[in-house]
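Asks: Please see the structure below; I have some questions.
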Amino acid sequence: MSEFNERSKRQIALLAGDDLEGVSAEEARRSIEACPKCRGHWTRVRGCLDLMERAGKEDPEPADGASLWPALEARLSRPVVLRAERFNGWVPALSMAAACVALMIAGQLETLPPQDSLDGGFPVGGSAAASMVSLARNPVEIPEHSDRPSAEERTPDPFLDQQAVRGLLFPYEDPVRVSPFGYDPR
Amino acid sequence: MAAIMGREQVRTTRVVPPVAGVSDARLVELARRGDSEAFGDLVLRYERRLIRVILRFVHDQEAARDLAQEAFLRAYQRLDQFDPSRRFGPWLFRIGVNLTLDHLRRRKRRGRWALFTDIGKDTPPDPQIADPRRSIDLGQEVRAVLDELPEKYRSVLVLRDLENFSTSEIAAILDRKEATIRWRLAEARNRFEELWSRRQNGATTALISTRDADVDDSE
């Protein structure tokens, strides 16, 4: 290493402060002897270190005041509030924010018009949720048809009733059809 | 063992220097068991050095004392996190240096804000009063150059070349590998040299132009 480059500059800077040892130090010494630029750099860095040493001596020493301990001792005697005991305001704030976002989304869905449906009348996406919301609020009356038995004649079908309730809750899973206009017990 | 013997005589003022025979590790162990007096011995052992190191960065006695006190307080509160297989000194200095650098960053941000809010408050220089820049001493010159260095280089340079910590100690204080510290140290010294030379050349140029102006005026 007898040329002046970034590597030699770094090595010379370390050597100037006695922070280089072994082979690297020998290498840096040789380059200082052989290369005038390296020698110049070494002289300048060495000068800066002397300068800092002198300036360091001029810097004010800590004032001969009282020890920190008495004041510190008083502070140590106060009960320390552990991290876990501190009130964490983020949890309720984030919960509230999440609830607000959920309400906003529900409101948006309610205002959406019914969208395209899959499988001939099975609503998807926002329309499904919207129809569920409107269904819950305004129960649709199923018109009585002449070919259907009247309410008195009809045999109660608990399975069908359960399906209807389930259809309200899980529209994608249930075989009970739900159209944008309400419940269709086909 | 200051923490064990002769406590009653020491309690009144607590400015008695710590007993040298007891190791830091032993005092830490006692402090962790709740003996705050053992921690007091550690404070007495390290406070002056810690204040001096912080003072190198903040140049303000009161601020340095406050930061040192805060560093000791945090060290006490985090004693359970201290690895007893390591040395207490670098761990304490790490807390102190980190607090100091945070303090400087906050001050810098406030300074930037003040730059926009305090416009017009400076009074124009009085020609009757000599330019104070001519009387700036060496320490201030060096400090001005150090302040121009990025924080990661300045910290290493201050700790190594002003405070004489070894590179391994600095690695422990700054929580970096020793190779990284050596690389930064070399870079810091080279940058300091470059800035210093530029500053000196600038000062020389300014001095020559001032002399030329004086000659023109006399003619």
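Asks: Only residues that are aromatic (F, W, Y) and either surrounded by fewer than 20 Cβ atoms within 10 Å (Cβ to Cβ) or in a helix (DSSP H, G or I) (or both): list them for the range B:155-196, please. Steps first, answer last, please.
Replies: So in the range B:155-196, the residues aromatic (F, W, Y) come out as B:165, B:183, B:192, B:196.
If the condition is that a residue be aromatic (F, W, Y) and either surrounded by fewer than 20 Cβ atoms within 10 Å (Cβ to Cβ) or in a helix (DSSP H, G or I) (or both), then B:W183, B:F192, B:W196 are the ones that fit.
Asks: Looking only at helices (runs of 4 or more DSSP H) that fall completely inside the range A:4-70, which ones have 1 or more residues that are under 30 Å from B:V43 (Cα atoms) and open to solvent by less than 40 Å² (accessible area, probe 1.4 Å)?
Replies: Details: elements: A:6-16, A:22-34, A:36-58.
Those helices (runs of 4 or more DSSP H) span A:36-58.
Asks: Quick check on my filter: what residues within the range B:70-94 are at the interface with another protein chain (Cβ under 10 Å from one of its Cβ atoms) and in contact with an Asp or Glu (Cβ under 9 Å, 6 or more places away or on another chain)?
Replies: Correct list: B:F72 only.
Asks: Name the residues in the range A:30-78 that are touching a helix residue (DSSP H, G or I) at 6+ places or on another chain (Cβ under 7 Å), more than 7 Å from every other protein chain (Cβ to nearest Cβ) and either charged (D, E, K, R) or in contact (Cβ under 8 Å) with a residue 60 or more places away in the chain (or both), would you?
Replies: If the condition is that a residue be touching a helix residue (DSSP H, G or I) at 6+ places or on another chain (Cβ under 7 Å), more than 7 Å from every other protein chain (Cβ to nearest Cβ) and either charged (D, E, K, R) or in contact (Cβ under 8 Å) with a residue 60 or more places away in the chain (or both), then A:R39, A:R46 are the ones that fit.
Asks: Looking only at the range B:49-86, filter to residues that are outside any helix (DSSP H, G or I) and farther than 19 Å from A:E61 by Cα; which one of those is most open to solvent (accessible area, probe 1.4 Å)? Steps first, please.
Replies: From the range B:49-86, those outside any helix (DSSP H, G or I) are B:59-60, B:78, B:82-86; that's our starting set.
Then keep just the ones that are farther than 19 Å from A:E61 by Cα; that gives B:78, B:82-86.
Working: B:R78: 88, B:F82: 12, B:D83: 68, B:P84: 84, B:S85: 100, B:R86: 154 Å².
Looking at residues that are outside any helix (DSSP H, G or I) and farther than 19 Å from A:E61 by Cα, I get B:R86.
Asks: Could you tell me how many of the residues in the range B:25-48 are within 11 Å of chain A (Cβ to nearest Cβ), of a type in the set (G, A, S) and open to solvent by 40 Å² or more (accessible area, probe 1.4 Å)?
Replies: Of the residues in the range B:25-48, the ones within 11 Å of chain A (Cβ to nearest Cβ) are B:31, B:34, B:36-37, B:39-48.
From what is left, the residues that are of a type in the set (G, A, S) are B:31, B:34, B:36, B:40.
After this cut, where a residue has to be open to solvent by 40 Å² or more (accessible area, probe 1.4 Å) as well, the list is B:34.
Residues in the range B:25-48 being within 11 Å of chain A (Cβ to nearest Cβ), of a type in the set (G, A, S) and open to solvent by 40 Å² or more (accessible area, probe 1.4 Å): 1 in total.
The values are calculated or read from the model by the stated rules, or taken from the named source; none is laboratory data. Predicted, not measured: the structure shown is a model, and the values here were computed from it. Counting neighbours? That spans all protein chains shown, and the Cβs are built from the backbone with ideal geometry, glycine included. Heavy atoms of the whole protein, side chains included, go into the accessibility calculation; ligands, DNA and RNA do not. Shrake-Rupley method; radii C 1.70, N 1.55, O 1.52, S 1.80 Å.
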